[in-house]
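Undergrad: Got a structure here, written out as structure tokens. Questions coming.
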Amino acid sequence: MRALVERSRGVTMGYDVVGVLSDNPAAAGLALARDLGVPARALVPVKSADRAGYDRELAAAIDEWGPSLIVLAGFMRILSAEFVARYAGRILNIHPSLLPKFPGLHTHRRALEAHETQHGATVHFVTEQLDGGPAIIQARITVNPGDDADSLAARVQAEEHRIYPLAVRWYSEGRLRYAKGRAWLDGTELLGPVQYADVAAARKDH
């Protein structure tokens with residue numbers, strides 16, 4: 001979240017963070033957002049409420065700000081089908097693996113247990129399928145001998161801070177869209193996620 005807010009202050013990024021919501025009133029991100037001058041509030045679920053009921057409250061809170069895009073950052077609740085349909089094509093998430101590998105939790109440990117040689121992060125559109133929406137951009141790291149879950153997590157997070165603001169920028173510029181169940185960039189359907197290494201190399205060429 002910090003990376004998204006701080007990058008939004010750059011003159012070339014083309015987006016503003018209008019508000020931050022959390023389901024946890026103790027979330028450090030709420031205080032951080034306020035320190036950065038971004039409105040922030042907690043929306044705590046009532047234990048007796050069902051998921052759809054909470055999501056209707058969440059949608060009402062979001063609509064007070066009227067954002068063009070919802071960006072999930074450490075939001076661990078599974079969103080209801082009703083909520084996803086309401087904002088279809090307007091929700092992004094980042095997942096700490098090279099999707100479709102390792103959806104769900106404990107991705108770094110699972111990558112090590114599977115003896116993967118590469119690991120990373122993926123930005124994707126959110127659909128009803130958990131971590132299954134169309135992938136937009138990935139960043140890869142090499143899994144080194146001696147890596148553990150913590151060292152992988154730290155290096156993957158550094159890549160997340162690069163690719164997530166970039167995907168938000170593409171959306172804000174009208175370059176990135178969701179249509180026909182797919183991600184489209186610059187009018188072309190993405191048959192697979194853009195690789196950040198290719199984006200970085202293209203920048204160096206210019």
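Undergrad: Taking region 117-128 as the search range and keeping residues that are of a type outside the set (Phe, Trp, Tyr) and buried (at least 17 other Cβ atoms within 10 Å of the Cβ), which one is farthest from Leu58 (Cα to Cα)?
TA: His119
Undergrad: Only one of Ala26, Ala111, Ala61 is within 20 Å of the chain's Cα centre (by Cα), under 28 Å from Arg155 (Cβ atoms) and among the hydrophobic types (A, V, I, L, M, F, W, C). Can you tell me which?
TA: None of the others qualify; the one that does is Ala111.
Undergrad: Sort out which residues of region 148-176 are surrounded by 16 or more Cβ atoms within 10 Å (Cβ to Cβ) and in contact with a Gly (Cβ under 8 Å, 6 or more places away or on another chain), and write them in order of number.
TA: Within region 148-176, Val156, Glu159, Arg169, Ser172 qualify.
Undergrad: Then there's this: Can you give me the number of residues within region 137-180 that are aromatic (Phe, Trp, Tyr) and touching a Pro at 6+ places or on another chain (Cβ under 8 Å)? Lay out the reasoning, then the answer.
TA: The first filter runs over region 137-180 and keeps only residues aromatic (Phe, Trp, Tyr), leaving 164, 170-171, 178.
The next check asks that each one be touching a Pro at 6+ places or on another chain (Cβ under 8 Å); those that pass are 178.
The qualifying residues number 1.
Undergrad: Given the structure, is Thr122 under 26 Å from Gly10 (Cα atoms), of a type in the set (S, T, N, Q) and modelled with pLDDT of 95 or more?
TA: So Thr122 fits the description; yes.
Undergrad: Suppose we filter Arg90, Arg86, Arg41 for residues that are closer than 25 Å to Gly192 by Cβ, surrounded by fewer than 19 Cβ atoms within 10 Å (Cβ to Cβ) and of a type in the set (Lys, Arg); which single one remains?
TA: None of the others qualify; the one that does is Arg90.
A quick yes/no check of all residues on (1) among the β-branched types (Val, Ile, Thr); (2) over 17 Å from His124 (Cα atoms); (3) surrounded by fewer than 12 Cβ atoms within 10 Å (Cβ to Cβ):
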{"position": "Ala49", "(1), (2), (3)": "no, yes, no"}
{"position": "Ala52", "(1), (2), (3)": "no, yes, no"}
{"position": "Leu58", "(1), (2), (3)": "no, yes, no"}
{"position": "Ala61", "(1), (2), (3)": "no, yes, no"}
{"position": "Ser68", "(1), (2), (3)": "no, no, yes"}
{"position": "Ala73", "(1), (2), (3)": "no, no, no"}
{"position": "Leu79", "(1), (2), (3)": "no, no, no"}
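Undergrad: If you don't mind, there's one more thing I want to ask. Restricting to region 132-145, name every residue that is assigned to a loop (DSSP other than H, G, I, E, B) and without any contact (Cβ under 8 Å) to a residue 40 or more places away in the chain.
TA: Passing the criteria: Gly132, Val143, Asn144, Pro145.
The values are calculated or read from the model by the stated rules, or taken from the named source; none is laboratory data. None of these values were measured; they are calculated from a predicted model. No Cβ is skipped: glycine too gets one built from the backbone with ideal geometry, and neighbour counts run over all protein chains shown.
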